[in-house]
Amino acid sequence: MSIKIDEIFSGGGRDLINLLEYSVLSINVDLIFVYLVREYRLRPSAASAIAVHDLFCCADSPARVSCEGALFPKDIRLTHAISPYRAGSLLGSSVESALGLESCNQDNTLPRVAAPSLPPRYIFDSLVQRINGEEKSTLIHALDSYRVGLTPHENLPNGELSAVQRRFVEQTWQPIVRPGLVAAGFWRVASVA
């Protein structure tokens with residue numbers, strides 16, 4: 001019996017937190033990405049679009065989604081769609097600081113550029129559709145293997161993290177991805193893993 005992700009996302013509460021926790025522990029970045037895009041659609045902002053793009057869609061993203069053919073360098077459309085909002089954001093913002101990006105000019109002052117209009121709500125939709133349609137997507141695996149009544153750890157094989165999963169949680173999720181997302185306004189992930 002596979003789970004209905006939309007019902008859990010809409011219902012929120014403990015079931016949502018458990019699913020997100022399981023997604024992090026099992027390194028299911030596709031599922032995390034789909035959740036973040038859903039949240040982004042509710043409150044689109046340049047900071048949240050840049051954070052989702054930089055953390056999940058760039059060539060060197062710490063939590064890159066599984067759709068290689070739809071991402072840079074094979075497909076440059078999403079990167080080009082995000083770039084105008086990057087130029088209009090206040091460089092040196094908390095998101096860029098959380099990601100460890102240096103953005104001061106030579107005088108060590110922060111350049112201020114007029115804020116652009118909000119990015120479109122649909123900016124990540126084609127990528128979400130592709131993730132939902134790909135058979136090798138980790139999202140499909142989550143639909144088949146996750147059980148709502150169990151805790152995130154109980155849903156893992158043998159009930160414990162592998163060395164790779166532990167490394168992802170301790171060296172990628174906790175110090176890089178989670179702080180970047182929280183700084184961009186995705187506050188629900190603050191307590192995940």
Using +1 at the C-beta of Lys and Arg and -1 at the C-beta of Asp and Glu, which of Gly69, Ser23, Pro44 has the Cα lying farthest in the positive direction of the dipole of the range 11-86? Pro44
Give, as ranges by residue number, the residues of the range 145-163 whose backbone N falls under 19 Å from the point 7 Å along Cα→Cβ of Arg14. 146-156
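How would Leu78, Leu42 rank on accessible area, largest to smallest, probe 1.4 Å?
On the way: Leu78 25, Leu42 115 Å².
The residues order as Leu42, Leu78, largest area first.
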Ser191 neighbourhood, Cβ < 10 Å, K/R = +1, D/E = -1, net charge +1
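Go through 16-25, 182-191 and give me the packing order, highest mean Cβ count within 10 Å leading.
Numbers: 16-25: 21.3, 182-191: 17.4.
Packing proxy ranking, top to bottom: 16-25, 182-191.
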Rounded accessible area of Asp60 (nearest 10 Å², 1.4 Å probe): 130 Å²
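The values are calculated or read from the model by the stated rules, or taken from the named source; none is laboratory data. Given the structure is predicted, the values throughout are model-derived calculations rather than measurements. Note that we place each Cβ from the backbone using ideal geometry, even for glycine, and neighbour counts take in every protein chain shown. Accessible surface areas use protein heavy atoms only, side chains included; no ligands, DNA or RNA. Shrake-Rupley method; radii C 1.70, N 1.55, O 1.52, S 1.80 Å.
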